[in-house]
Each structure stands twice: as structure tokens, then as C-alpha cells.
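The values are calculated or read from the model by the stated rules, or taken from the named source; none is laboratory data. Bear in mind the structure is a predicted one, so any value in this text is a computation, not a measurement. Cβ placement follows ideal geometry from the backbone for every residue including glycine, while neighbour counts extend to all protein chains displayed. Heavy atoms of the whole protein, side chains included, go into the accessibility calculation; ligands, DNA and RNA do not. Shrake-Rupley method; radii C 1.70, N 1.55, O 1.52, S 1.80 Å.
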Amino acid sequence: MGQPEQPAEGAGPFTTRLTWHLPGGGTAVWESRLARRRGLIAVRSPGAPISRHTSADEVALRRLRRLNAIAATAFIIGGALFAAGAAVAQFGSGDATTCASIYFAGGLFFNTGGYVSLLQVINAPRHVPGGEGRLVTHSWRWWSYEPTRVDWLSTFVLFAGTLVFAVDLLDSFLQGLSVQQINRLIWAPDVIGCLLFLISGHLAFVEICHGRFCLRRRSLGWWIVAVNQLGSVLFMVSALAAFTRPATGSLVNADIANWATLTGASCFSLGGLLQLYERP
């Protein structure tokens, strides 16, 4: 006997994969990331040995291609600018204002990439469980509130993280701050932003692995999530190393802070580059 069919998979309140019987026979399988990134759903006809992928309509596919290109490009440029800012800070080729300006420019691209990633989820084609094996395209929206969807929550937390980083980057232009003010206005938002990035990456793993640990060497989506999560870990290492000691007024370790930022930012650029190829 074959394995019993599992109609819904995921973790906690999140559903990341659905399987249902089609009215005319056969089955359809919807996977969250595959549907929202590439506009595909798997359909197996009665008696067919393998499934075939059915695409959303051309309106949805054009949206996905356009939004994916914008988000990916924004992360490539944002990561490159953050890496450049860290290099300037590490090798002493510019003053603090120059570094802050480069980081701020990179932050604007991260803001763009975060919001456009959220738009990808909001405007992705939707499945109709229990009905025909196809994806339905809805009208364009600039915002939605869907916290029970893991893809929405992951990208919303990512976008929120980029906004918190913006606070940190703006405050870094302030002059004459005390050590306590530096830690409260610059370091604390930095740590919070890094934590939000880590939470977003964890939720992305929940989505692509359906709530279980998985290693998918042949999955481009898995590699994108893994590379970005590595970047988030390195950003957190950088943030912790950038804490200013009240007793001395110096960072815990400036070298670690700069190199972790540079390598973490490079991960985000690489993730953006890979994302260009995860399209319909």
C-alpha cells in the first residue's frame, strides 16, 4: 500500500503545503514558496505516473517577474553598499560621516527590497483548495494583513527589520553623543533589526522545509534562504561586537564588527543575485 495522503503540512498555525483531490480525479499540490515565487502548482492527472506544473495566468507571472527583479536588485545593491561601508570603516579610507552615508544609502535599498518582498507575497496568485488545480490572480494591493500566513509574516518581519535599521542609520549621523546615548540610539536598534532578520529567516526555513529541518542541495530557494540567514547571523555578530563599553568608550571589537558586516552584507548581495534566477 502507498503512503496515506497528507492534505496539509506546515508548522503551528502555518500551512506551507496542501494536497487535495480534484473534482475530475487526480490530485493537486500547492507549495507556498513555489506558488508565490514562480507561480506554479503541481497537478497529477488520474493514472499519471508523475505530476506536471501548471502556471498562473500571464498577469500574475508578469507581476512576479517584475517584483522579483526589483527586490533582488535592491538587495544586491544594498548588500554591496553595506560591504563598501564596512571596508571603508575597516581600512580607514574615510571618516565616520562617509561610512554613515554609505550605510544609509545601502539601508534605503534594503528598505526597498524588504517592502517589494512583502508586495510579492501580497500580490502572489492564490490557490483554491478543494477546487480545480490552478492559481487565481487577484487585483493589485499595496498592503494586506495576513499574520497566519508564514510567507506574509516572514517578509513583514524582514521589512520591519529594515525600518529599524533605518533608525540606527539615521542616528549614526548625530554628533556629540555620550556612550549611553550611542548604545541606546544606535546599538540597540541595530541589535533589534538583526534579531528581526533572524526571525524572518527562521520563518523562511519553516516555509520551505514545511516545519521540519531539511537540507535541499538542489533547491535554489533553499540556498537563497540559507545564504540570507547566514548574512543575518553575521550581522548579529557584528552588532554584538559593536557595543560601546561604558568604561572605556571603545567598541567590544571593531575588527569583528567591520568584518562581520562586510561578509554578512556580501551574503545578502549573493542572496539577491541568486534570487534573480528564482522567477517564473
Filter region 201-247 down to residues that are of a type in the set (S, T, N, Q) and not in a helix (DSSP H, G or I) and give me whichever is most open to solvent (accessible area, probe 1.4 Å). 219
Looking at the structure I just gave you, is residue 116 β-branched (Val, Ile, Thr), part of a helix (DSSP H, G or I) and under 28 Å from residue 54 (Cα atoms)? yes
Single residue of region 248-269 satisfying the filter (small (Gly, Ala, Ser) and open to solvent by 30 Å² or more (accessible area, probe 1.4 Å)) that is nearest to the chain's Cα centre (by Cα): 266
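Table: residues versus (1) closer than 22 Å to residue 74 by Cβ; (2) out of contact with any helix residue (DSSP H, G or I) (no Cβ under 6 Å at 6 or more places or on another chain); (3) aliphatic (A, V, I, L, M).
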{"position": "89", "(1), (2), (3)": "no, no, yes"}
{"position": "92", "(1), (2), (3)": "no, yes, no"}
{"position": "116", "(1), (2), (3)": "yes, no, yes"}
{"position": "121", "(1), (2), (3)": "yes, no, yes"}
{"position": "124", "(1), (2), (3)": "yes, no, yes"}
{"position": "127", "(1), (2), (3)": "no, yes, no"}
{"position": "138", "(1), (2), (3)": "no, yes, no"}
{"position": "142", "(1), (2), (3)": "yes, yes, no"}
{"position": "149", "(1), (2), (3)": "no, yes, no"}
Please determine whether any residue of region 144-163 is in a helix (DSSP H, G or I), in contact (Cβ under 8 Å) with a residue 12 or more places away in the chain, under 23 Å from residue 257 (Cα atoms) and among the small types (Gly, Ala, Ser). yes
Given (1) in the same structural domain as residue 268 (by the TED database); (2) out of contact with any Phe, Trp or Tyr (no Cβ under 9 Å at 6 or more places or on another chain), identify the lone condition not met by residue 90. (2)
Limited to region 89-99, what total is found for residues that are in a helix (DSSP H, G or I) and surrounded by fewer than 20 Cβ atoms within 10 Å (Cβ to Cβ)? 5
Being at pLDDT below 95, among the hydrophobic types (A, V, I, L, M, F, W, C) and more than 30 Å from residue 238 (Cβ to Cβ) is true for just one of 11, 48. Which residue is that? 48
Counting only residues that are within 23 Å of the chain's Cα centre (by Cα) and farther than 22 Å from residue 14 by Cα, region 142-185 contains a total of 10
Index of the failed condition, residue 135 passing every other in (1) within 19 Å of residue 34 (Cα to Cα); (2) out of contact with any His (no Cβ under 7 Å at 6 or more places or on another chain): (2)
Kindly indicate whether residue 32 is of a type outside the set (A, V, I, L, M, F, W, C) and over 19 Å from residue 203 (Cα atoms). no
Please name all residue pairs, on different chains or six or more residues apart, with Cβ atoms under 6 Å, provided the first residue is in region 51-71 and is closer than 12 Å to residue 117 by Cβ and the second residue is of a type in the set (Lys, Arg) and open to solvent by 70 Å² or more (accessible area, probe 1.4 Å). 68/279
Every residue from region 186-212 that is small (Gly, Ala, Ser) and over 15 Å from the mean Cα position of the chain (by Cα): 188, 211
